[in-house]
Amino acid sequence: MQPSRTIRNSVCPHDCPSTCALDVEVLDGSRIGAVHGAADNSYTAGVICTKVSRYAERIHHPDRLTHPLLRSGPKGSGQFRRISWDEALDRVAGAFTDIAAKHGAEAVWPFYYAGTMGLVQRDGINRLRHVMRYSRQNLTICTSLPEAGWQAGIGQSRGVDPREMAVSDLIVMWGGNPVSTQVNVMTHVARARKQRGAKLVVVDPYRSPTAAVADVHLAPRPGTDGALACAVMHVAFRDGYADRAYMARHADCPDELEVHLRERGPEWAAAITGLSVQQVEDFAALYGRTQRSFIRCGYGFARSRNGAANMHAVTCLPTVTGAWQYEGGGALWSNRGMYQIDKTLIEGLDARDLRVRELDMSRIGSVLTGDRRELGDGPDVHALLIQNQNPLTVCPDSNRVRRGFARDDLFVCVHEQFMTETARWADVVLPATMFMEHDDLYQAGGHTHLQIGPKLIEPPGECRSNHEVLQGLASRLGARHRGFEMTAMEMIDATLLASGRPDAATVLREKWVDCALPFEAAHFLTGFPRSGGRFAFAPDWGAMGDRDGVMPRLPDHMATIDATGPERPFRLMTSPARSYLNTSFTEMASGRKREGRPTVMLHGDDAARLGIGDGERVALGNARGTVLLHALIVEGLQPGVLVAESIWPSEAFEGGIGINALTSDDPAPPMGGAVFHDTAVWLRPAVAELALAAE
Ligand code: SF4
């Protein structure tokens, strides 16, 4: 007999700006079938990525965690025995209580990030943190650097409606790869190309799948985007593309900028970026003469020690040419600052005490190995509650992170969907729901819709939502807050109303609320959302945390990247793989089959010089570690540049050491941030390393 099929609305919760509106086939009320993009959502437009269209493979995966587990072998052994929920929660609450009594509440660190982007199930952990005065978390791993750069000039994290790309004449994809990471962008690009003959330019150090379909691909050296942006502005002033009347009304110091840029022309930029002078001139002329030019800023080019400066330099471009004034013109990085959701209830902000220590999540390895620059005068961290994150694989300097997790005096509880590397190192593992098994509220960085994803099916086994786990811990710890007394849907409803939005029932009925701002506001024609209302070519970096004064006063190439040299002649980027999203989806056989195995892309000249053949085992290394992969000789990147698409689980690598063993946890200015694409390494055939591994 055929199963009964109903189509239900949902929202993709994964760490992707597209936050797709979904139509989900629910079979017999208990399983899901095909997942489609909602055709009637004007941004999703019926398109989603392959990995989510196959979500049945993930949600009904036989390896889902379904029962609470207690470690029964050595740390990291992966040996566990099943226990009840009551025992699990009693043990976790008991450990937290004992550790707080002995070392102080700051010795407990609730740790999370974006395994789901739902506001209730992602951010609710902060309510427990604040009520219990546990250590706070500085959320640096993804948005700190691009956000600092975007806000430096513009003032708030919002930009032009991405649907306007359909009426652009030039779309510049700067440091992003939407074909792999937010496929919906390409829908709107395709409309512009088809209907208007718009050009697509991709700025990315390697020929990503998006670069491969572009009209122009500019592949600068990693970390040199600021130089390219400066040269484009130099040409704009030199050749009459600068809109001086616009800048006089809307910018802080255009005259000073023009003088500053006189020394930063195409020759100067070519020497820094490795592009030819002609490439820079051609791009500058194309950008300068196109009024409807839309820069879609990605995250990639900001994941560098100079990432905030680079982002700021790129946001200066539409201000110099005045492209903000035109429909289809301007720029967007993220609309995350547009929704103004009141998260007091979800996060327990009414209980937050800013005097409680804040720890940098990107530096969890340094934190757990006792780095006093992070710990300050407070206690060592002795307990972790981890939701929505897999730090042993995802965080920088992963060998150091592993040393931290190996401490005998560290208690770790991981609430997860699969037995990740981090879960394997836990003392207690709790089984977590997936998005169709709980209720949540979603805003979108990549578009303008607010949506609710309701629970569609029952979870397998004994899985519980993040909210339910927090409720269970709060009752045992004596944490009092009205958020712990509410269901997830009650909290969604109250949060929407507190934020001046329609209630939950209305949003569910309407499927989404389009929060797009009017044209004038979205294009900053009524002023940029910062003091004085003018775009800042000369930002107040000090106010953003640049205590050492290292940020450039005006847009520039900030030469603070991890420099190559004779010992480490290559610069490594760890760009996202198409089938994975951080480490989510790595459990799906279909995705693993498509990705093949961990590889490192390199230029043919480098391969020939080092005697490395295509497909050969190679070792990459620096002072932090050595990683074994297979070489993939490609075109479309410069000699000296390496790209390892990620994030593979560590066990997928020969030797079991993942790519983040090489990346640094140096905090980038002005306010911290992980520098995943800013790593100098050596590269060689892996013969010696394989011999060592075999011993
Ligand atoms: S494109 Fe992004 S938001 Fe859309 S379904 Fe895929 S992962 Fe989810």
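The values are calculated or read from the model by the stated rules, or taken from the named source; none is laboratory data. All values derive from a computational prediction rather than experimental measurement. No Cβ is skipped: glycine too gets one built from the backbone with ideal geometry, and neighbour counts run over all protein chains shown. Ligands, DNA and RNA are stripped out before the accessible areas are found, and what is left, the full protein with its side chains, is counted by its heavy atoms. Shrake-Rupley method; radii C 1.70, N 1.55, O 1.52, S 1.80 Å.
Numbers at a glance
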read-out: Residues that are part of a helix (DSSP H, G or I) and either touching a Cys at 6+ places or on another chain (Cβ under 9 Å) or away from the ligand (no atom under 16 Å from the Cβ) (or both), drawn from region 137-164; value: Ser144, Leu145, Pro146, Glu147, Ala148, Gly149, Trp150, Gln151, Ala152, Gly153, Ile154, Glu164
read-out: Test: Glu267 is more than 14 Å from Ile154 (Cα to Cα), in a helix (DSSP H, G or I), open to solvent by 20 Å² or more (accessible area, probe 1.4 Å) and in contact with a Phe, Trp or Tyr (Cβ under 6 Å, 6 or more places away or on another chain); value: no
read-out: Region 79-106 residues that are over 9 Å from Val428 (Cβ atoms) and open to solvent by 20 Å² or more (accessible area, probe 1.4 Å), paired with ones that are in a helix (DSSP H, G or I) and at pLDDT 95 or above (beta carbon under 7 Å, 6 or more apart); value: Asp90/Arg476; Thr97/Leu477; Ile99/Ala107; Ala100/Ala107; Ala105/Met132
read-out: Residue satisfying all of: in region 547-567; surrounded by fewer than 20 Cβ atoms within 10 Å (Cβ to Cβ) and charged (D, E, K, R); farthest from Gly153 (Cα to Cα) among these; value: Glu567
read-out: Hits in region 488-544 (condition: under 30 Å from Leu470 (Cβ atoms) and of a type in the set (Gly, Ala, Ser)); value: Ala488, Ala494, Ala498, Ser499, Gly500, Ala504, Ala505
read-out: Filter pass, Ala101 being in a loop (DSSP other than H, G, I, E, B) and not aromatic (Phe, Trp, Tyr); value: no
read-out: Within region 195-213, tally of residues that are among the small types (Gly, Ala, Ser) and farther than 20 Å from Ala577 by Cβ; value: 2
read-out: Members of region 165-204 found to be open to solvent by less than 40 Å² (accessible area, probe 1.4 Å) and part of a strand (DSSP E or B), listed by number; value: Leu170, Ile171, Val172, Met173, Trp174, Leu200, Val201, Val202, Val203
read-out: Count of residues meeting criterion [over 17 Å from Leu128 (Cα atoms), touching a residue at least 40 places away in the same chain (Cβ under 8 Å) and touching a Lys or Arg at 6+ places or on another chain (Cβ under 9 Å)] in region 457-481; value: 4
read-out: Qualifying residues in region 115-140 (those that are open to solvent by 10 Å² or more (accessible area, probe 1.4 Å) and among the aliphatic types (A, V, I, L, M)) - the one nearest to Cys463 (Cα to Cα); value: Met117
read-out: Of the criteria (1) under 19 Å from Arg594 (Cα atoms); (2) of a type in the set (Lys, Arg); (3) away from the ligand (no atom under 13 Å from the Cβ), which one Lys51 fails; value: (3)
read-out: Pairs with Cβ under 7 Å, 6+ apart, first in region 41-67 and open to solvent by 20 Å² or more (accessible area, probe 1.4 Å), second among the aromatic types (Phe, Trp, Tyr) and part of a loop (DSSP other than H, G, I, E, B); value: Lys51/Phe585; Asp63/Phe418
